[in-house]
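We did not get these values from a lab; they are worked out from the coordinates using the rules stated. Just so you know, these numbers come straight off a predicted model, no measurement behind them. Positions of Cβ are generated from backbone atoms using ideal geometry, with glycine treated the same way; all protein chains shown enter the neighbour counts.
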Amino acid sequence: MTLSIRALAAAVAIAAASASAQAATTTLTFSEIVGVHNTLSYSGTAGGNLTVSSNKGSLTIVLGELGVASWSNWDPRLGSGETITFSFTQDVKLTYWDLDDLPFGSNQFGLKVDGGANKSYSLDSHGSSTPLIGKTFTFAYKGDSYFIDTLKFSSVTPVPEASTAAMALAGLGMVGFMAARRRRA
């Protein structure tokens, strides 16, 4: 009887631990004073491996802020026709952004998720009320040049299928049945 109570307690503890698991979070900041890169690569993020790239010029870090510069455009802020793409190997949720601009302009930036529509967001909003989930996030110009200062991504926790939950409940029921049967014997 002691063994079956321990087994039941262990099963309950494992179920509670898996139900309370937190999503992994990755915060991207750019700590270099000055840096020029073709791409940036990170491993072990909330979405697996991450590659950061630009469609024009080089990724440029100035005083810890990410932008784009080329031979024809030395302004390192993300400007007209330029994009920076963050590509993960697994789906993630973009939970926060801190983007810096000058005090004039549209105060808007564009963002495409997984190649979808280029939607406008406020530079001052620091997030979206609608979950932004995907593997690829492309930041673009929408009337205001800006730097990317900080981005936060979290892993997307998969929802178990109904059959998985049913199997877990059936297994827990079997442990309870075995405990009751041993108690009677």
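Determine the gain in length on full extension of the stretch LYS119-MET174; use 0.36 nm per residue of separation and subtract their C-alpha separation, reporting nm with one decimal. Mind showing how you got there, number by number?
Working: separation 55, 0.36 × 55 = 19.80 nm, distance 5.14 nm.
Full extension of this stretch gives 14.7 nm more.
At q = 0.15 Å⁻¹, work out log10 I(q)/I(0) for the stretch 93-140 with the Debye formula, treating every Cα as an identical point scatterer and leaving solvent out; two decimals please.
-0.37
With each label point set 7 Å from Cα along the Cα-Cβ vector, what nm distance links LEU63 and TYR42?
Reported label-point gap for LEU63 and TYR42 is 2.2 nm.
Could you work out the relative contact order of the stretch 25-155? I mean the mean sequence separation of Cα pairs under 8 Å and 6+ apart, divided by the number of residues, in percent. Write out the running numbers ahead of the final one.
Working: 357 pairs, mean separation 40.0, N = 131.
Relative contact order here is 31 percent.
Can you give the FRET efficiency to the nearest 0.05 for SER80 and ILE133, using r as the Cβ-Cβ distance and R₀ = 22 Å?
Working: r = 28 Å, r/R0 = 1.27.
In this case the efficiency is close to 0.20.
As a footprinting exposure proxy, order SER120, SER58 by other Cβ within 10 Å, with the fewest listed first.
Working: SER120 13, SER58 17.
Fewest-to-most ranking of SER120, SER58: SER120, SER58.
Which order results if VAL36, VAL62 are arranged by neighbouring Cβ count within 10 Å, fewest first? Before the final figure, lay out the partial values.
Working: VAL36 13, VAL62 17.
Listed from fewest to most nearby Cβ atoms, that is VAL36, VAL62.
Averaged over all directions, how much area does the convex hull of the C-alpha atoms of the stretch 21-76 cover when projected, in nm²? Intermediate results must be reported in sequence, preceding the final value.
Values: hull surface 17.5 nm².
Hull-based average projected area comes out at 4.4 nm².
Roughly how many debye, to the nearest 20, is the charge dipole of the stretch 25-155 about its Cα centre, given +1 on each Lys and Arg Cβ, -1 on each Asp and Glu Cβ, and no other charges? Kindly include the intermediate steps, with their values, before the conclusion.
Numbers: 8 positive and 12 negative charges, 84 e Å.
Using only the charged Cβ atoms, the result is roughly 400 debye.
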